[in-house]
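The values are calculated or read from the model by the stated rules, or taken from the named source; none is laboratory data. Predicted model, so just to flag it, every value in this text is computed and none were measured. Quick reminder, even Gly has a Cβ in these numbers, built from the backbone with ideal geometry, and neighbours come from all protein chains shown. Each accessible area value is taken on the protein alone, full model and side chains, heavy atoms only, with ligands, DNA and RNA left out. Shrake-Rupley method; radii C 1.70, N 1.55, O 1.52, S 1.80 Å.
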Amino acid sequence: MNVGRPPDRVLETLGVWLQLHDRYAPGLIEGLYVVGSAVMDDWRPGSDVDVIAVGSAMSDAEAVDPLRQAHQATREALGGVDVDGPRLTWSDLAVEPQPVLRPWSLGPEFHYDESCFELNPVMWHTLSAHGWAVRGTEPTEMAIWTDDAVLRSFVRANADGYWRSVHSSVLAAL
């Protein structure tokens, strides 16, 4: 697998994302990291772009409205291209993923009312091993929590729970 630099189109999209977040939420985005298909050589035009945005004030309630405005402005500017993922603090990444209240987006929706599924060992591992810095310190130089045993356990539980139910639904539909 050719893992590495995201496609130019992804980087152009994230350039717009950063410009608008800097305008609506100045100083909040200290680090922006590409994860998911764009760094795993599986991104295709029309796909979403998975990111982790990091800043020291992401847990402050006052940050939510500017981040929500930036999300809306970005979606309008990009014609509905989805940039998905959590907005975390640096300290969030240094510990095992937990259900914390942080801003996050998925598709057109911006959330701050529930935990984000992306706060899981797979995301931390992907950031640590394959993440690409658009802004901020390189992931290889960051304190990112990883634990292979916890990762394997999470993946097994997710496959047995979520993906088994998807498999059952598909079979029932056929």
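Values as computed for the structure displayed
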quantity: Residue pairs meeting the criteria (Cβ under 6 Å; at least 6 apart or on separate chains; first under 22 Å from residue 120 (Cβ atoms), in segment 23-36; second open to solvent by 30 Å² or more (accessible area, probe 1.4 Å) and in a strand (DSSP E or B)); calculated: 31/135; 32/134; 32/135; 34/132; 35/50; 36/50
quantity: Qualifying positions in segment 47-68 - of a type outside the set (A, V, I, L, M), over 14 Å from residue 14 (Cα atoms) and either touching a Pro at 6+ places or on another chain (Cβ under 6 Å) or free of Cβ contacts under 8 Å to residues at least 12 places away in the same chain (or both); calculated: 60, 62, 65
quantity: Selection within segment 1-45 - closer than 23 Å to residue 65 by Cβ, in a loop (DSSP other than H, G, I, E, B) and open to solvent by 20 Å² or more (accessible area, probe 1.4 Å); calculated: 26, 27, 28, 30
quantity: Selection from segment 130-144 of residues that are out of contact with any helix residue (DSSP H, G or I) (no Cβ under 6 Å at 6 or more places or on another chain), open to solvent by 40 Å² or more (accessible area, probe 1.4 Å) and either of a type outside the set (A, V, I, L, M) or at pLDDT 95 or above (or both); calculated: 130, 132, 135, 136, 137, 138, 140, 141
quantity: Which listed residue is of a type in the set (Gly, Ala, Ser), part of a helix (DSSP H, G or I) and either surrounded by 13 or more Cβ atoms within 10 Å (Cβ to Cβ) or touching a Cys at 6+ places or on another chain (Cβ under 6 Å) (or both), from 73, 53, 57; calculated: 73
quantity: Subset tally (residues that are open to solvent by 30 Å² or more (accessible area, probe 1.4 Å) and either aliphatic (A, V, I, L, M) or touching a Ser or Thr at 6+ places or on another chain (Cβ under 8 Å) (or both)) for segment 60-70; calculated: 1
quantity: Residue within segment 79-95 that is assigned to a helix (DSSP H, G or I), open to solvent by less than 40 Å² (accessible area, probe 1.4 Å) and not charged (D, E, K, R) present; calculated: yes
quantity: Matching residues, segment 32-81, being of a type in the set (Lys, Arg) and touching a helix residue (DSSP H, G or I) at 6+ places or on another chain (Cβ under 8 Å); calculated: 44
quantity: Some residue of segment 3-21 being touching a Phe, Trp or Tyr at 6+ places or on another chain (Cβ under 8 Å) and over 24 Å from residue 143 (Cβ atoms); calculated: yes
